[in-house]
Each structure stands twice: as structure tokens, then as C-alpha cells.
1. Have a look at 216, 223, 197 and point out the one that is closer than 15 Å to residue 276 by Cα, part of a helix (DSSP H, G or I) and of a type in the set (Val, Ile, Thr).
2. When you check residue 233 against the structure, is it farther than 15 Å from residue 298 by Cβ, among the acidic types (Asp, Glu), surrounded by 11 or more Cβ atoms within 10 Å (Cβ to Cβ) and more than 32 Å from the chain's Cα centre (by Cα), yes or no?
3. Kindly establish whether residue 70 is of a type in the set (A, V, I, L, M), on the phi < 0 side of the Ramachandran plot, touching a residue at least 24 places away in the same chain (Cβ under 8 Å) and surrounded by fewer than 19 Cβ atoms within 10 Å (Cβ to Cβ).
4. Can you tell me which residue in the stretch 1-56 is modelled with the lowest pLDDT, limited to those that are exposed (fewer than 13 other Cβ atoms within 10 Å of the Cβ) and either hydroxyl-bearing (Ser, Thr, Tyr) or under 23 Å from residue 89 (Cβ atoms) (or both)?
5. Does the stretch 244-275 hold any residues that are assigned to a loop (DSSP other than H, G, I, E, B), more than 20 Å from residue 164 (Cβ to Cβ) and modelled with pLDDT under 90, and which are they?
6. Being out of contact with any Phe, Trp or Tyr (no Cβ under 7 Å at 6 or more places or on another chain) and touching a residue at least 12 places away in the same chain (Cβ under 8 Å) is the requirement here; does residue 9 meet it?
7. Would you be able to say whether some residue in the stretch 221-232 is basic (Lys, Arg) and modelled with pLDDT under 90?
8. Look at residue 285 and say whether it is surrounded by 12 or more Cβ atoms within 10 Å (Cβ to Cβ), touching a residue at least 60 places away in the same chain (Cβ under 8 Å) and part of a strand (DSSP E or B).
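The values are calculated or read from the model by the stated rules, or taken from the named source; none is laboratory data. In this text the structure is predicted, and so the values were computed from the model without any measurement. When we count neighbours, we look across all protein chains shown, and the Cβ atoms used for this are built from the backbone with ideal geometry, even at glycine.
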Amino acid sequence: MAVYLDIIWLLNFLFDSLLLYLTALVLKRDFHYWRLFLGGIIGSFIIILTITPLNAYSGHPIVKLLFSVIMVLTVFGYKRFKYFISGLMTFYLTTFLIGGSLMGIHYFVQFDMNLSSSVFMASVKGFGDPISWLFVVIGFPLAWQFSKRNFERIEVAKIQFNQKVLLEIVLGGKSYNFTGLVDSGNQLYDPISKMPVMFLSVKKIIEELPEALKEVALSSEQVIMGNKPLAPEWENRMRVIPYKVLGKEHQLIIAIKPDDIIITQNRETIKVDKGLVSFTMQELSSDDSFQCIVHPKMLNGIRKAEPA
């Protein structure tokens, strides 16, 4: 069987470079492309060892670990031990994730388990037939893209989780509990009182609201125009606030001053003394993971630690 060493080396160089690139993306680390490609070249040297008298050592775990250490140091450098270990472990995580994806796909599409095992192991060692290498060439970019997208989703979910808070909003003497997402992009204030405004989806609790607040949620334009006046106790709490959205520069929304807003974050309760709530019938989260978009200024209230 003919072995095209140059092709095998090139593929390993590209794969190692892409793995290092994915590691940099996951860790959000700056890097120079020349160092990235140098790391890929160093990693691909292990293929050269297979045709030298050192062939017996090329597959040894210590040798592989040594190559990985040099690759990570080449691309990211050494700042402190924790920084280095984080890079090395993430490099192995991305390698195992993509390698496991390839193995799973390969076993899924192959019916002869013995043939599948031999072909896959041959491709991993850097040899194999054209079919096995074609599978790796096509499968690796797909697995890389799949892994990259999943890392991005995990990161977004983590950010949202860290920014989520629990809210208790009291309206007309009745308490309602929600999950809110603190959004730094929400910078809406009442221009007169300077109170921050949060958005609350009331689609699922519309029937539980007082009648006056139902009108605000369902017919805000009519309320603003004065066609549907509110009861005095709610009219005194109502604020009409100019609101700018993409494509609509002059829009007015209604915000209500609730009885109370209490936020729970990291086992601390925050009493929001100054805050307004604007109702919407739209769902703010496609998976209903939160029902409010909380103004970050509301987290500056008086904090009180919960008892353990």
C-alpha cells in the first residue's frame, strides 16, 4: 500500500492548527497566526517520527503529552501555571470532543464493526485507505464546526445564567414571581423621575392582573390617547415614556410604578425603591427561561443577605 507521507503530514498540520485555533476561541485568548501555524508544525512532527528509528516512541503517552505541552506553550506562551494548565486542558478537551464526534459518526455509518475499527484506527495512526482519509477530511471540519457552535451556545447559556435573577413584583397588593434577565443594553429611564424601567411579559398571567393593568397590557395606545382612562389609583402611578426601537424612532410606552420590586441575586435580596414596569404581551424568551428584562440600575438597591 502506498503511503503519501506529505499528504498525511499536511492533514495533521491542518488538524493540529485548527484544534489550537478552537482552543484559542474557547478561552478567548489573543494569539498570532504565525505562532498558531508553528504550533501546528510542531504537532505534525510526530508523523515524521513514525518513519525514523524513534518510531517505537512516537505513540508513547509521554511523548504525546510532551508534544502537546510544546504546542500550547508555542501558541499561548507561559504567564503563570494556572494559565498554562487551562490552555493544555482545553486543548485536550477540544481534541477529545472532535475525536469522539468522528468516532461516533464513523461507527454510526459503518455496519461491519471489525472493518470499522480497523479503518478508523488506521486513519488515526496517519495511514489507512483513501476511504478512511476521505472520511477524516470531510468529517473533521464538520466536527470542528459542530464543536465550535456548541462551545458558543454553552458560553451564551452561562452568561445568561450568571445574569439571571429572581423577582417578586407586587401589583395591587398581589405578589407575582418571575425570572429576570439583567440586560446591560436596557438603558430606558423615565425622563422626568429618572426611574429605570424593566420589561415584563404578562402573556401567561394576563387574567390574574387587575382590570386596569389588563387594559394597559392589551390596549396601551388607547390608554395613552385617553380613550380608556384608568382608575385614579393606577393613573397616578402611570408614566408615559418615549421609547426608541429599530425602525421606529418615536414610540410611547406605558410604565407602572408597582407596590414593590424585590430582586434575589446570589442569595441576596435587593429592595428596589425606584423602578417602573412596562408590560408586554410578547414572550421575551423563546424557551421561557426568563419573563423580565431587568434594568441593571435596579441592582443598586439596598441588599440584604438571606439566612443560610
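1. Being closer than 15 Å to residue 276 by Cα, part of a helix (DSSP H, G or I) and of a type in the set (Val, Ile, Thr) holds for just one of 216, 223, 197, which is 216.
2. It is false that residue 233 is farther than 15 Å from residue 298 by Cβ, among the acidic types (Asp, Glu), surrounded by 11 or more Cβ atoms within 10 Å (Cβ to Cβ) and more than 32 Å from the chain's Cα centre (by Cα).
3. Here the answer is yes, as residue 70 does meet what is asked.
4. 4
5. Residues satisfying the conditions are 246, 247, 273, 274.
6. On the way: out of contact with any Phe, Trp or Tyr (no Cβ under 7 Å at 6 or more places or on another chain): yes; touching a residue at least 12 places away in the same chain (Cβ under 8 Å): yes.
Here the answer is yes, as residue 9 does meet what is asked.
7. yes
8. Spelling it out, it is not the case that residue 285 is surrounded by 12 or more Cβ atoms within 10 Å (Cβ to Cβ), touching a residue at least 60 places away in the same chain (Cβ under 8 Å) and part of a strand (DSSP E or B).
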